[in-house]
Amino acid sequence: MTQNLGCNHAVGRSIQVTAGGGELFTYVYKADDPQYESPRPYFHPIRTLTGDLVSVYRPWDHLWHKGMSWSLPHFGHDNFWGGPTYTKENGYKALGNNGSQDHDRVDALDVSDEQVRFAHQLSWHTQGGQHVVDEARTITVRLADDGWVLVYETAMTNVSGELIQIGSPTTAGRPNAGYGGLFWRGPRSFTNGTILAPQGKGGDELRGQRAPWMGFTARQDETDTASTIIVADAADNVRHPPEWFVRSEDFAAVCPAPFFTEELPFPANDTLRLRYAVLVADGLTDDDRAKSLAAQAQKALAT
């Protein structure tokens, strides 16, 4: 049975995208989180077409993890990820440098049975109040052959007047901790699930490897069902295919990380454009299905 897309708009706060009346996700575009958690828009809850939850919000071990969000821990000297900042000298320490991604205005909210498109403008501010980035962000949602797919697009313009180096804890000296970018964290039941990649499914040994896409599949508590998420990097993204920050053993996480092992210079007045497709599907996934789902995600990026 064909399911039509829909959208509920809590004006000035969030949008909820639905399929056949059931929630696919809520995108909170105006966050009110504590400054220490680097307030920024986030996707949560995120659900499969049958309603299974595939995200977590403010887990006790990392309160600044918010479902799926655009998060940069080393943006020059500022932290737009949340929590403490890693330095080689002091390890992880709160530095009073937690910036915010602040919603300015909605540019578009277009809703049809086949597609929902939401576009808005943001301004990034350091904890001290300096305006460093203007961002145009667009989210487009469609049903896929198997599940549904979200295309995430960002165009960030450096308005700080200075060169900013975008990096990660690894570029700051911590091995194999190159997180930063579009970061998804799964529910507790996904711990010790399976990481999916073109080179074959596996575990934490896939962290830091390059690939055009990666994903995660695991079982759900309570329902005895399973779910899958695939993230695809656009071919025109900087440093494509990226290194990936993925985790399974401690918690479920997938993050294409273009700043994993090497800082990216972000000159004043330059605009950095990045695009990703996120596909959410019901059921466990083997290598063959993972490639099929990834092809659907990549098709969405080409549409």
(message) Probe of 1.4 angstrom, ligands and nucleic acids ignored: what's the accessible area per residue over the stretch 240-280, in square angstrom?
(response) 34 Å²
(request) Using only the Cα atoms of the stretch 1-78, build the gyration tensor, take square roots of its eigenvalues as a ≥ b ≥ c, and label the shape rounded, prolate or oblate: rounded if a/c is under 1.5, else prolate if a/b is larger than b/c, else oblate. (result) prolate
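Please go through the residue pairs Lys93/Lys291; Lys66/Lys299; Lys88/Lys291 and name each one whose alpha carbons sit more than 29 Å apart in this structure. Before the final figure, lay out the partial values.
Details: Lys93/Lys291 40 Å; Lys66/Lys299 27 Å; Lys88/Lys291 39 Å.
Among Lys93/Lys291; Lys66/Lys299; Lys88/Lys291, the Cα-Cα distance tops 29 Å for Lys93/Lys291; Lys88/Lys291.
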(request) Project the alpha carbons of the stretch 1-138 onto their principal axes and report the range along each, largest first, in whole Å. (result) 58, 31, 20
(request) Grab the Cα-Cα distance for Thr191 and Ala136, subtract it from 0.36 nm times how many residues apart they are, and report the gain in nm with one decimal. (result) 16.4 nm
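Note down the Stokes-Einstein diffusion coefficient of the stretch 88-127 in µm²/s, whole number, using a Kirkwood radius over alpha carbon pairs, 20 °C, and 1.002 mPa s.
Working: Rh = 13.3 Å.
Taking Rh from Cα pairs, D becomes 161 µm²/s.
Could you please state how large a percent of the accessible area of the chain is carbon and sulfur, counting protein chains only and using a 1.4 Å probe?
Carbon plus sulfur share of accessible area: 46 percent.
Any chance you could run the full-extension gain for Glu262 through Asp61? It's 0.36 nm times the residue separation minus the Cα-Cα distance, nm to one decimal. Don't skip to the end; give the middle numbers.
Working: separation 201, 0.36 × 201 = 72.36 nm, distance 2.71 nm.
Here the answer is 69.7 nm.
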(request) Post the alpha-carbon centroid distance, the stretch 122-164 to the stretch 229-274, in whole angstrom. (result) 13 Å
(request) Add +1 for every Lys or Arg and -1 for every Asp or Glu among the other residues with Cβ under 12 Å from the Cβ of Thr50, and state the total. (result) -2
(request) Kindly provide the pair-distance distribution of the chain built from C-alpha pairs, with 20 Å bins from 0 and whole-percent values in order of increasing distance. (result) 36, 60, 4
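Accessible area per residue, 1.4 Å probe, Å², for the stretch 24-136: what's the number? Show your work: numbers first, answer last.
Numbers: 4560 Å² over 113 residues.
Accessible surface, normalised per residue, equals 40 Å².
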(message) Using each residue's phi in the stretch 102-116, evaluate 6.51 cos²θ - 1.76 cosθ + 1.60 at θ = phi - 60° and report the 3J(HN,Hα) Karplus result to the nearest Hz, with x for Gly and Pro.
(response) 9, 5, 9, 7, 8, 8, 7, 9, 10, 10, 9, 4, 9, 7, 10
(request) Taking H placed 1.01 Å from N in the peptide plane, check which residues at least 5 places from Thr225 or on another chain put their amide H under 5 Å from its amide H. (result) Gln220
(request) Compute the semi-axes of the equivalent ellipsoid of the stretch 211-303, taking the square root of 5 times each eigenvalue of the Cα gyration tensor, and list them largest first in whole Å. (result) 28, 16, 10
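The values are calculated or read from the model by the stated rules, or taken from the named source; none is laboratory data. In this text the structure is predicted, and so the values were computed from the model without any measurement. When we count neighbours, we look across all protein chains shown, and the Cβ atoms used for this are built from the backbone with ideal geometry, even at glycine. Ligands, DNA and RNA are excluded from the accessible area calculation, which covers all protein heavy atoms including side chains. Shrake-Rupley method; radii C 1.70, N 1.55, O 1.52, S 1.80 Å.
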